[in-house]
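Shown next, in structure tokens, is the structure this report addresses.
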Amino acid sequence: MKLLPCRAVNPSKALVLAAGKGTRMGSLTRELPKPLLPLNGRPILRHVLDRLRAAGVREIGVVTGYLGDQVRACLSDYPLPLTFHVQRELNGTARAVLAGRSFCGTDPFLLTFGDILCAPSAYRGIAHLLEPPAEAVLGVKFAADPAPGAAVYEENGHVTRIVEKPPPGTSTTNWNSAGVYAFTSRIFAELERVPLSPRGEYEITSAIAQLLEANHHVRMYEIKGRWMDVGRPEDLPQAESLTFDPPDEP
């Protein structure tokens, strides 16, 4: 039997999670949601959307929660079709993605957060790897210790294990989940049955672990260019010192 070549699906939809309270930002997010904190004079979230648009994304869903009306107002004039979806209870990233299920439908999609900055080339690279038989692609960054995030184990570019917030010094991998993904719609079945984590939340990491346990293919993409998780007040000056305009890189 002749095997036909696999074809990348290259999602043109992206779901952006912008629902959290941003408690690590302290008083900065008391009256302003974290994705709207200014970076070089513009909200972080608009930087994220601009880079998705430069990568070829044509439809974006935004999941809101904390001070969501401000997010909607900020994006009212955005030059791409946007849909907004509300996470009623802020109980974890898995439930946030489920809030955007109607937007994604059965289409493949990119997923990221409203405070993760990277170049369009990273989105394109991740999207390109979402081809059969892969059901998911994880963007990763090299880290001395992935303890603050999620440790990703791999063999030949295929993810074999993922551990959310491992104890410091226990990981035998240097790959840290970068908070940028591509998924097929299969992920929603896993998200629906994610259990409550030891941290008291329903987490995307658990859904990915379930994909692996069911022997589904999950690939890894190393983000080599600019990337930053803007999570704490001290991150803002560093983010502003980086050159984010123009939004793409060679």
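Quick look at the values:
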| item | result |
| --- | --- |
| Test: residue in the range 20-42 that is part of a strand (DSSP E or B), under 17 Å from the mean Cα position of the chain (by Cα) and at pLDDT 95 or above | no |
| Verdict on THR205 being in a loop (DSSP other than H, G, I, E, B), surrounded by 15 or more Cβ atoms within 10 Å (Cβ to Cβ) and not acidic (Asp, Glu) | no |
| Among the residues listed as ARG72, ARG7, ARG95, the single one being of a type in the set (D, E, K, R), more than 18 Å from the chain's Cα centre (by Cα) and modelled with pLDDT of 95 or more | ARG72 |
| Criterion: outside any helix (DSSP H, G or I) and over 15 Å from the mean Cα position of the chain (by Cα) - qualifying residue of LEU80, LEU110, LEU117 | LEU80 |
| Qualifying residue in the range 148-162 (condition: touching a Leu at 6+ places or on another chain (Cβ under 8 Å) and either closer than 21 Å to VAL48 by Cβ or among the hydroxyl-bearing types (Ser, Thr, Tyr) (or both)) | yes |
| Residue pairs meeting the criteria (Cβ under 6 Å; at least 6 apart or on separate chains; first in contact (Cβ under 8 Å) with a residue 24 or more places away in the chain and farther than 27 Å from GLY22 by Cβ, in the range 116-127; second of a type in the set (Phe, Trp, Tyr) and part of a strand (DSSP E or B)) | GLY125/TYR221 |
| Filtered residues of the range 132-156 (kept if surrounded by fewer than 18 Cβ atoms within 10 Å (Cβ to Cβ) and either farther than 24 Å from LEU242 by Cα or among the β-branched types (Val, Ile, Thr) (or both)) | PRO132, PRO133, ALA147, TYR153, GLU155, ASN156 |
| The range 19-55, residues that are of a type in the set (Val, Ile, Thr) and touching a helix residue (DSSP H, G or I) at 6+ places or on another chain (Cβ under 7 Å) | ILE44 |
| Of all residues in the range 83-99 being free of Cβ contacts under 8 Å to residues at least 40 places away in the same chain and in a loop (DSSP other than H, G, I, E, B), the one that is farthest from GLY61 (Cα to Cα) | GLU89 |
| Breaking point among (1) more than 19 Å from TYR66 (Cα to Cα); (2) polar (S, T, N, Q); (3) assigned to a loop (DSSP other than H, G, I, E, B), for SER102 | (3) |
| Test for VAL159: is it part of a loop (DSSP other than H, G, I, E, B), touching a helix residue (DSSP H, G or I) at 6+ places or on another chain (Cβ under 7 Å) and surrounded by 16 or more Cβ atoms within 10 Å (Cβ to Cβ) | no |
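The values are calculated or read from the model by the stated rules, or taken from the named source; none is laboratory data. The structure presented is a predicted model; accordingly, all values stated were derived computationally and were not measured. A quick note on method: Cβ atoms are made from the backbone with ideal geometry, for glycine too, and the neighbour counts reach across all protein chains shown.
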